[in-house]
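Below is one structure, written out as structure tokens; comments come after it.
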Amino acid sequence: AAAAAAAAAAAADAAARESLTAFEIAVVVEAAKVVEAAAVAEESAEARRSKLRARMAEKFDYTAPDNALPFKVMLGTDAHSGESRDCVTFEHAKISDAAPSNNSSKLTVFEHVPGSRVYHNMFPIYSLPNGRSCHYYYPGRALVEVVAVALEDPPVRPATCASLGHFEFTNPAIHTQLSKPSLDKFPLGHRPVPELCSLPLRHTLDVKSAEMRSRDTFGDLKERPFEVDVREEKILRVTKEELTQPGLFREPWMLHRSGFKSRMTECESRDFYDGAAIYRSMCDLDWRRVSSKPRIGNFFAASLHGNDVEEGIAECRAVLEKHYKTVLQCHRYYSQTSLKGSSFALNFNALSEINTTCKFADEHSMFAKQGHLDSLFIACNVSDGIASTEVGHNADANSFDRFEFVEYLLRVADAKYVKEGTEPLLADALERLIKDNIGNNAHANARVDPNAFRRDNMYCEAVDNVLRGADKVPASQWFDAEGKRTYPHASTSKVLRAVYDWGLALQRGQYKHVMMDTWRQILTAGQLHKHGFSMRLASMVFVLSQMYVADEMKHWQRHQSLRYVDFLECICRVADMMNLPTKEHLLEEGYVSYQDFTERRKAEAEAAASGKEAPAESRESAAGRRGAGGGAAGPRGSVGPKGGGMAKEAPETSTPPEMGLHYKLRGFLDFFFCSLHGELAGEGASTVYSDTSLISLMRKTKA
């Protein structure tokens, strides 16, 4: 049958070869060669395996002796316990009665040759006790890593006999049972009594037998006779009862209901401060007036020399708006420094002071010498292109309004920096002129923010009470039955209003509000000039107390006058600068009146200037004041306002510097009313005055 099958296969092969092409026959031949090569390789691999088994058999003897015991290996980790662990059993064939099974577990071990990489990633390497390394192969199951078994902690060493049975050994339970002693030999709770300490060398207590030192004598104290002392003591008991009443509601002081409330409706900013909105309106108006001049276009075209003119003008406009507050304060301060002409416009002398102080003029410059700046003054002081309705009350041809000062700064920046080649752009030159020249070199009072004094000193309850005269009214009348504030007005408020009306009467109805000249007359009547308060200071206080007006040309009367609330701020600023003592303080220092205070201070100043000794009366009064604890006057300008005050221009001070504005205001009003009463009453009149008499005198003067 086999021969027949072979013959049939050969015949089929021959028939198949006849039907195949030459290429197909070649492919079949190559396939046969590949199969034959694979068979040869398999035989060579089997031969290599046989050689490896023979070599391993020479190194390891796996023949078990006749008395060999079965060996079990537990494979698993700490997570496996009990029957879930894998158990591999190795038994000798002679004693193994179990039937052979194809599924029995086998653990194969073979030595690891150092440097061999054949089983590098197949089997892990284990270290044997003899120092060699080997591989383990467990077919059909996963081979786990070596599990380290930690030793248990040894039991605590017993300290007493009874504690011998209070722990368990790590051995089986029989050892624990054997370790427990019987209760008849060591009963629970048995504690041996320790020996007592030795007796002291002597008795420290009063005992019956002090000469003996036995244990019984140390605790045997002497018996003392029982004595009862009966005394009578009177005990006074004081009972205190506290009655807690519910707190009463007291409305807090509010600025919009105080004596300054009219500013919300009178000033253009509609606020108690000059805010960003009013500054922006003023800047827009000044820039519009500068741009409307016919010659300014040629100036921008020449200064920007070929650049985008519209963009350059917009950049200059942005720089001016950014630093407009500094420009405005500089113009406001230097306008009132000269007593000639208007105090609200820069004349030629004031502008020359700016050129010198702010270092505009440079004798080493080719375009910014003093002569060039004088020519710029003439060029800017031309009102061509400005409507006649906007020229305003300032008809002086030799003074600068706000917009003309802005144009002057543009031309000075061009001459000083652009033409000299220091700054290529006009906007950068203008910013440098305002920041470096004006900001760093202008007078300190030219950089004063009027809002600072209002915020830090004036707008408070204490100052409002003094101006309204509420400090002379009992505090119980400040509130009604429901706890709301009544804001009472007393005699001080009436006198201040009478002084303001008296100033209006001096103007003969020409203006609706107090003007600069009238304000100077009021201060002169109050004799402030005799205490070092100059007219220049009066002008400075006047302009600082005003709220800004956007269009100063159209509304020139509002721009150059004081409303009643502005007049109150002027009084507060003068009081802060004068810093005069109150009546009580004068009497404590030994002065009879403000006239006596003025005369003695004047005599002391003249004596100090001439180098002679002061009059005896003045020396005695000064000594009496020092003995009474009164302080002498500080140096000129030593005490000024904490916020927004002027520097080194205040007259001599006498009030302690730690006193607030309300204290200074009371002292100044006492002095001012007393001086005003003496001026209106004439020479020889009594220095003692009352608010009613002062009001009647001012009414008679008006009539």
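Yes or no: GLN557 at pLDDT below 90, assigned to a helix (DSSP H, G or I) and under 30 Å from VAL290 (Cβ atoms)?
So GLN557 fits the description; yes.
Mind counting the residues in region 199-258 that are hydrophobic (A, V, I, L, M, F, W, C), over 30 Å from ALA475 (Cβ atoms) and part of a loop (DSSP other than H, G, I, E, B)?
11
Pull out all pairs, ordered by first then second residue, where Cβ-Cβ is under 8 Å, the residues are six or more apart or on different chains, the first lies in region 130-142 and is of a type outside the set (A, V, I, L, M, F, W, C) and open to solvent by 80 Å² or more (accessible area, probe 1.4 Å), and the second is in a strand (DSSP E or B) and modelled with pLDDT of 65 or more.
Sorted first by the residue in region 130-142, then by its partner, the pairs are ARG132/GLU111; TYR137/THR108; TYR137/VAL109; TYR137/PHE110.
Just checking, how many residues over region 284-331 are at pLDDT below 90, among the basic types (Lys, Arg) and open to solvent by less than 50 Å² (accessible area, probe 1.4 Å)?
Residues flagged as at pLDDT below 90, among the basic types (Lys, Arg) and open to solvent by less than 50 Å² (accessible area, probe 1.4 Å) within region 284-331 amount to 1.
Considering only residues that are more than 21 Å from THR326 (Cβ to Cβ) and in a helix (DSSP H, G or I), look in region 259-283 and name the one that is most open to solvent (accessible area, probe 1.4 Å).
Checking each candidate, the answer is THR265.
How many residues, within region 208-227, are acidic (Asp, Glu) and closer than 21 Å to LEU196 by Cβ?
The total comes to 2.
I'd like the residue in region 474-501 that is of a type in the set (A, V, I, L, M, F, W, C) and under 17 Å from PRO252 (Cβ atoms) and, out of all such residues, is surrounded by the fewest Cβ atoms within 10 Å (Cβ to Cβ).
Ranking the qualifying residues of region 474-501, first place goes to ALA475.
Out of all the residues in region 243-264, is one or more in contact with a helix residue (DSSP H, G or I) (Cβ under 7 Å, 6 or more places away or on another chain) and of a type in the set (Ser, Thr, Tyr)?
Yes.
Yes/no per residue for (1) under 30 Å from ILE571 (Cβ atoms); (2) free of Cβ contacts under 8 Å to residues at least 12 places away in the same chain:
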site: GLY247; (1), (2): no, yes
site: ARG270; (1), (2): yes, yes
site: SER281; (1), (2): yes, no
site: TRP287; (1), (2): no, no
site: SER292; (1), (2): no, no
site: ASN298; (1), (2): no, yes
site: ASP308; (1), (2): no, yes
site: CYS316; (1), (2): no, no
site: GLU321; (1), (2): no, no
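For residues that are modelled with pLDDT under 80 and of a type in the set (D, E, K, R), tally how many sit in region 673-699.
Residues meeting the conditions: 1.
A quick yes/no check of all residues on (1) within 60 Å of the chain's Cα centre (by Cα); (2) under 21 Å from ALA452 (Cα atoms):
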residue: VAL230; (1), (2): no, no
residue: LYS240; (1), (2): yes, no
residue: PRO246; (1), (2): yes, no
residue: PHE249; (1), (2): yes, no
residue: LEU255; (1), (2): yes, yes
residue: SER269; (1), (2): yes, yes
residue: PHE272; (1), (2): yes, yes
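The values are calculated or read from the model by the stated rules, or taken from the named source; none is laboratory data. This structure is a prediction, so every number in the text was calculated from the model and none was measured. Cβ coordinates were reconstructed from backbone atoms using ideal geometry, including for glycine residues, and neighbour counts include every protein chain displayed. SASA here: full protein model, heavy atoms, side chains in, ligands and nucleic acids out. Shrake-Rupley method; radii C 1.70, N 1.55, O 1.52, S 1.80 Å.
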